[in-house]
Amino acid sequence: MAKKKPPFNQEMAIRGANRRLFARSPFVVEKLEESRQEFPRYKKDGTLAKKPWVKRQCEVCSAWVGSTKIAIDHIDPVVPPNGFPASFDMWDRITMFLKRLWCDKSNLQRICDDCHDKKTNAERIERLKIKYTQELDTLEQQIQFAKKDIKRHGAASDGYKNWIKYINKYLAKKKTSGLEEIVERALRLKQEILELKSSFDK
């Protein structure tokens, strides 16, 4: 059975097209050429090849790597760690995205694949921490409200089950480096939920 094609997303299509355009822009070429160096390349038989090996220097770890293992990266990410303001509509988000994408060259850096992977993962974890913290804040407020009005809340037995099911999403991240505080907080809230249910059952 053929995989169902996802619905067209106008915002993501505009973002993607501009990222591809930026990748071929003079800014990127100029930044890459700033550190271009040629190194001797040898054939299997030990003789010198006609074309040298072109390498460029990563501005994060200072290593010299081949042209296919380096990219141009935004030091300050194109998408902010805490996302775009909730009050923004699609065109507001696109406008802000374009301004951050087509930034001043001082916000660009050459970065090797290894450093890029580490930076991307760190940014992903930071976004998750912000998102999960906001979600757990909301859940904690609901728990505190239920403690103040336990009789009325206790009548909805499915509420506790839904909370436990919801909080297990965070507990499943226990092996994800960088989310330890989120997991610890989720464990504390789960214990509060169980104690709240226990006090009502009595």
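Cβ-Cβ below 6 Å, separation at least six or inter-chain, first residue in region 8-34 and free of Cβ contacts under 8 Å to residues at least 40 places away in the same chain and surrounded by 10 or more Cβ atoms within 10 Å (Cβ to Cβ), second of a type outside the set (K, R) and part of a loop (DSSP other than H, G, I, E, B): which pairs?
Listed pairs, sorted by first residue: none to list.
I'd like to know if region 23-38 contains one or more residues that are outside any loop (DSSP other than H, G, I, E, B), of a type in the set (A, V, I, L, M) and closer than 25 Å to R127 by Cα. Show your work before the answer.
Restricting attention to region 23-38, the residues satisfying the condition of being outside any loop (DSSP other than H, G, I, E, B) are 23, 26-33, 37-38.
Next, from what is left, pick out any that are of a type in the set (A, V, I, L, M): 23, 28-29, 32.
Filter once more, keeping what is closer than 25 Å to R127 by Cα: 23.
Among the residues of region 23-38, at least one is outside any loop (DSSP other than H, G, I, E, B), of a type in the set (A, V, I, L, M) and closer than 25 Å to R127 by Cα, which makes the answer yes.
If V79 satisfies every condition in (1) at pLDDT 95 or above; (2) touching a Lys or Arg at 6+ places or on another chain (Cβ under 9 Å) but one, which is the exception?
Condition not satisfied by V79: (1).
Here is a yes/no grid of residues against (1) in a loop (DSSP other than H, G, I, E, B); (2) under 24 Å from M12 (Cα atoms); (3) in the same structural domain as L32 (by TED's automatic domain parsing):
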| residue | (1), (2), (3) |
| --- | --- |
| S62 | yes, no, yes |
| D76 | yes, yes, yes |
| P80 | yes, yes, yes |
| S87 | yes, yes, yes |
| F97 | no, yes, yes |
| Q109 | no, no, yes |
| H116 | no, yes, yes |
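I'd like the residue in region 174-202 that is outside any helix (DSSP H, G or I) and over 19 Å from T138 (Cα atoms) and, out of all such residues, is modelled with the lowest pLDDT.
Taking region 174-202 as the starting set, the residues that turn out to be outside any helix (DSSP H, G or I) are 174-179, 202.
Among the residues that remain, those that are also over 19 Å from T138 (Cα atoms) are: 174-178, 202.
Numbers: K174: 92, K175: 93, T176: 94, S177: 94, G178: 94, K202: 56.
Filtering first and then ranking leaves K202.
Those residues that are closer than 21 Å to I70 by Cβ and among the hydrophobic types (A, V, I, L, M, F, W, C), I need them from region 103-132; list them, please.
Residues satisfying the conditions are C103, L108, I111, C112, C115, A122.
Is region 154-166 home to any residue that is assigned to a loop (DSSP other than H, G, I, E, B), modelled with pLDDT under 95 and out of contact with any strand residue (DSSP E or B) (no Cβ under 6 Å at 6 or more places or on another chain)?
Of region 154-166, the ones assigned to a loop (DSSP other than H, G, I, E, B) are 155-156.
Still in the running and modelled with pLDDT under 95: 155-156.
Then drop every residue that is not out of contact with any strand residue (DSSP E or B) (no Cβ under 6 Å at 6 or more places or on another chain), which leaves 155-156.
There is at least one residue in region 154-166 that is assigned to a loop (DSSP other than H, G, I, E, B), modelled with pLDDT under 95 and out of contact with any strand residue (DSSP E or B) (no Cβ under 6 Å at 6 or more places or on another chain).
Is it fair to say Q37 is at pLDDT 95 or above, over 27 Å from T176 (Cβ atoms) and touching a strand residue (DSSP E or B) at 6+ places or on another chain (Cβ under 6 Å)? Break it down stepwise before answering.
Numbers: at pLDDT 95 or above: no; over 27 Å from T176 (Cβ atoms): yes; touching a strand residue (DSSP E or B) at 6+ places or on another chain (Cβ under 6 Å): yes.
The answer is no for Q37.
Check Q141 against each of (1) surrounded by 13 or more Cβ atoms within 10 Å (Cβ to Cβ); (2) within 27 Å of K190 (Cα to Cα); (3) not hydroxyl-bearing (S, T, Y) and name the one condition it does not meet.
(1)
For G159, state whether it is at positive phi and surrounded by 11 or more Cβ atoms within 10 Å (Cβ to Cβ).
Details: at positive phi: no; surrounded by 11 or more Cβ atoms within 10 Å (Cβ to Cβ): yes.
So G159 does not fit the description; no.
The values are calculated or read from the model by the stated rules, or taken from the named source; none is laboratory data. Predicted model, so just to flag it, every value in this text is computed and none were measured. For neighbour counting, all protein chains shown are included, and Cβ atoms are generated from backbone atoms with ideal geometry for every residue, glycine included.
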